[in-house]
Each structure stands twice: as structure tokens, then as C-alpha cells.
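Worksheet: the structure to be examined is printed underneath.
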Amino acid sequence: MEDIPDMRTEELEVENVSILRLFDRIDSNSCKELKGKVNSLIDNNKLKLLLDLQNVESVDSSGLGMLISCLKSVTNAGGLLKISHLHNGTKNTFYLTRMDRIFDIFENNETALHSFR
């Protein structure tokens, strides 16, 4: 069985918003790890969360379901979860599946950060 590398992420905080930069793919292999990172942020009372997808190549159906689960968890904790930097491939997936009606999606981090104020 081939070892599947962990999803690469970077976490930073700007203006009291936790930005989680994701890399590679959001799929069945990375769902558990990403959900754990979001739950850890919630547990640490970091309830303003921005997922930066600039470096995400693709999102499959498992990934979309997990993102909805993350949104629900953050919302139930009284927080906000927003998405930035969709590029052509991921943007098409979000719009074809109508996820743009569920998530607040921004072209860049600056406008997303401004929306948290």
C-alpha cells in the first residue's frame, strides 16, 4: 500500500482571523486531517476562519462534503468560515455544485479579511 502524504497546510493569524492555507487536493485522503485542523481551531476558540485555496489543485465530492461539515461545525460554535482564492478548476467545481450559495467566497484574502470586520 502506498503511503499518502499528509495534506500540506500553513496556518497564520491576521486581524484576529485564522487563515488556513491549503495545498494540493481536498479529497478523501485529506478530509480527516483538515477536519481535525478546523476542530482544533474551534477548540482553541478561533472562530473566524478563512480557508485559502489558492494552492489547491482540485476538490472532489468527499472534499466538498467535508468543507460543508467544517462550515457547520464553525457555525454551530458561533463562528464564521469563509473561502478565498478559488482558481479555475476549483471555482468550476464550486459553481457547478452550487457551493457558492453555501459559502462566502472571495477573490483574495484582503477582501475576505475585510468582510470579517
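The values are calculated or read from the model by the stated rules, or taken from the named source; none is laboratory data. Computed from a predicted structure; not experimentally measured. Ideal geometry is used to build each Cβ from the backbone, glycine not excepted, and the neighbour counts take in all protein chains shown.
Worth pointing out:
- Condition met for Asn92 (surrounded by fewer than 19 Cβ atoms within 10 Å (Cβ to Cβ) and within 28 Å of Arg117 (Cα to Cα)): no
- The single condition among (1) assigned to a helix (DSSP H, G or I); (2) closer than 24 Å to Thr93 by Cα that Ile42 does not meet is (2).
- Residue selected from region 34-70 under the condition of a type in the set (Asp, Glu) and over 12 Å from the mean Cα position of the chain (by Cα), by the criterion farthest from Arg101 (Cα to Cα): Asp43
- In the set Val56, Val17, Val38, only one residue is in contact with a Cys (Cβ under 9 Å, 6 or more places away or on another chain), at pLDDT 90 or above and surrounded by 12 or more Cβ atoms within 10 Å (Cβ to Cβ); that residue is Val38.
- Listed by first and then second residue, the pairs linking a residue in region 8-32 that is in a loop (DSSP other than H, G, I, E, B) to a residue that is among the aliphatic types (A, V, I, L, M) and surrounded by 16 or more Cβ atoms within 10 Å (Cβ to Cβ), with Cβ atoms under 6 Å apart and 6 or more places separating them unless they lie on different chains, are Glu15/Leu113; Ser30/Met7.
- Criterion: of a type outside the set (Phe, Trp, Tyr), touching a strand residue (DSSP E or B) at 6+ places or on another chain (Cβ under 6 Å) and closer than 14 Å to Ala77 by Cβ - qualifying residue of Leu20, Leu41, Leu51: Leu41
- Of all residues in region 103-117, those satisfying the criterion of being surrounded by 15 or more Cβ atoms within 10 Å (Cβ to Cβ) and more than 14 Å from Val14 (Cβ to Cβ) are Phe103, Asp104, Ile105.
- Of all residues making up region 60-111, the number that are charged (D, E, K, R), out of contact with any Asp or Glu (no Cβ under 9 Å at 6 or more places or on another chain) and within 22 Å of Asn29 (Cα to Cα): 1
- Against the conditions (1) over 22 Å from Phe116 (Cβ atoms); (2) of a type in the set (Lys, Arg); (3) touching a helix residue (DSSP H, G or I) at 6+ places or on another chain (Cβ under 7 Å), Arg25 satisfies every one except (3).
- Every residue from region 62-92 that is among the hydrophobic types (A, V, I, L, M, F, W, C), in contact with a Ser or Thr (Cβ under 9 Å, 6 or more places away or on another chain) and in a helix (DSSP H, G or I): Leu64, Met66
- Qualifying residue in region 54-61 (condition: in a strand (DSSP E or B), in contact (Cβ under 8 Å) with a residue 24 or more places away in the chain and over 20 Å from Met7 (Cβ atoms)): no
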